[in-house]
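Chemist: To start, I am sharing the structure in question, which I have written as structure tokens.
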Amino acid sequence: MIYVEDQLVKVNGVVLPGLVKKIEVKEAAKIDEGSATKPKQATGYEDAKITVELILDDTPTRTKYQALETVRAIFRKPGQTVPQPIPIVSEDTAKHGIDKVLFKGFSHKAEAKKEQITVSLEFWEYIPQTIKASKAGSSSSKSSGSSSPSYTYPQTLHT
């Protein structure tokens, strides 16, 4: 889970090390650009994007590179092949109606003559898709022998 409280961010029970510099939430509409004969048309909304920036310094208990390893282990655990949706709890994301995210990106930047590392974390809003099984009816098919029923699986988005 991610918690934001007094500059603390918690991801899956681990407090992110360092200082939270910035939290940004971006939302956008999906617009079909159209053509010369077809006007622009709204088609829905894109998944929101959340960016968290951290500043990592050396502390008496750990180096900035040990802190970086902590963040990296949250992004991708050993043996993990696919990112998993994680719950998010923060005032900023709650204002946008976001309660689950995917950990999309992780990068860091170390600058010459600076004792700090800047870390950028990118999360994408996760909206689960429900797939329902429904039996497809055949109107007038006459076939000899036995036939197995066919099923279609339409996708339904929950908003």
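The values are calculated or read from the model by the stated rules, or taken from the named source; none is laboratory data. All values reported here derive from a predicted model rather than from experimental measurement. A quick note on method: Cβ atoms are made from the backbone with ideal geometry, for glycine too, and the neighbour counts reach across all protein chains shown. Accessible surface areas use protein heavy atoms only, side chains included; no ligands, DNA or RNA. Shrake-Rupley method; radii C 1.70, N 1.55, O 1.52, S 1.80 Å.
Chemist: Look through region 1-24, keep the residues that are charged (D, E, K, R) and surrounded by 13 or more Cβ atoms within 10 Å (Cβ to Cβ), and return whichever of them is modelled with the lowest pLDDT.
Modeler: Of everything passing the filter in region 1-24, 10 is modelled with the lowest pLDDT.
Chemist: Right, next: Of all residues in region 95-120, count the ones that are aliphatic (A, V, I, L, M) and touching a helix residue (DSSP H, G or I) at 6+ places or on another chain (Cβ under 7 Å).
Modeler: Selection size over region 95-120: 2.
Chemist: Restricting to region 29-54, name every residue that is touching a strand residue (DSSP E or B) at 6+ places or on another chain (Cβ under 7 Å) and assigned to a loop (DSSP other than H, G, I, E, B).
Modeler: Once the filter is applied, which keeps residues that are touching a strand residue (DSSP E or B) at 6+ places or on another chain (Cβ under 7 Å) and assigned to a loop (DSSP other than H, G, I, E, B), region 29-54 yields 34, 40, 46, 47, 48.
Chemist: Would you check which residues across region 36-54 are surrounded by 15 or more Cβ atoms within 10 Å (Cβ to Cβ) and β-branched (Val, Ile, Thr) and list them?
Modeler: Passing the criteria: 50, 51, 52.
Chemist: Mind checking which residues of region 111-133 are charged (D, E, K, R), part of a loop (DSSP other than H, G, I, E, B) and farther than 23 Å from residue 66 by Cβ?
Modeler: 132
Chemist: May I ask you to list the residues in region 109-138 that are hydrophobic (A, V, I, L, M, F, W, C), open to solvent by less than 50 Å² (accessible area, probe 1.4 Å) and modelled with pLDDT of 85 or more?
Modeler: Listed by number, the residues that qualify are 117, 119, 121, 123.
Chemist: In region 25-35, which residues are touching a residue at least 40 places away in the same chain (Cβ under 8 Å) and either open to solvent by 60 Å² or more (accessible area, probe 1.4 Å) or closer than 24 Å to residue 58 by Cβ (or both)?
Modeler: Across region 25-35, the qualifying residue is only 27.
Chemist: Out of the residues in region 74-108 that are part of a loop (DSSP other than H, G, I, E, B) and among the hydrophobic types (A, V, I, L, M, F, W, C), state the one that is surrounded by the most Cβ atoms within 10 Å (Cβ to Cβ).
Modeler: Among them, the one singled out is 98.
Chemist: Could you tell me whether residue 69 is out of contact with any Phe, Trp or Tyr (no Cβ under 8 Å at 6 or more places or on another chain) and farther than 28 Å from residue 127 by Cβ?
Modeler: yes
Chemist: Consider residue 142 carefully, then state whether it is more than 24 Å from residue 48 (Cα to Cα), basic (Lys, Arg) and modelled with pLDDT of 80 or more.
Modeler: In short, no.
Chemist: Related question: Of everything in region 77-94, what is among the β-branched types (Val, Ile, Thr) and out of contact with any helix residue (DSSP H, G or I) (no Cβ under 9 Å at 6 or more places or on another chain)? Give them in sequence order.
Modeler: 81, 82, 86, 89, 93, listed by residue number.
Chemist: Filtering region 55-73 down to residues that are of a type in the set (Lys, Arg) and part of a helix (DSSP H, G or I), which residue is farthest from residue 15 (Cα to Cα)?
Modeler: 64
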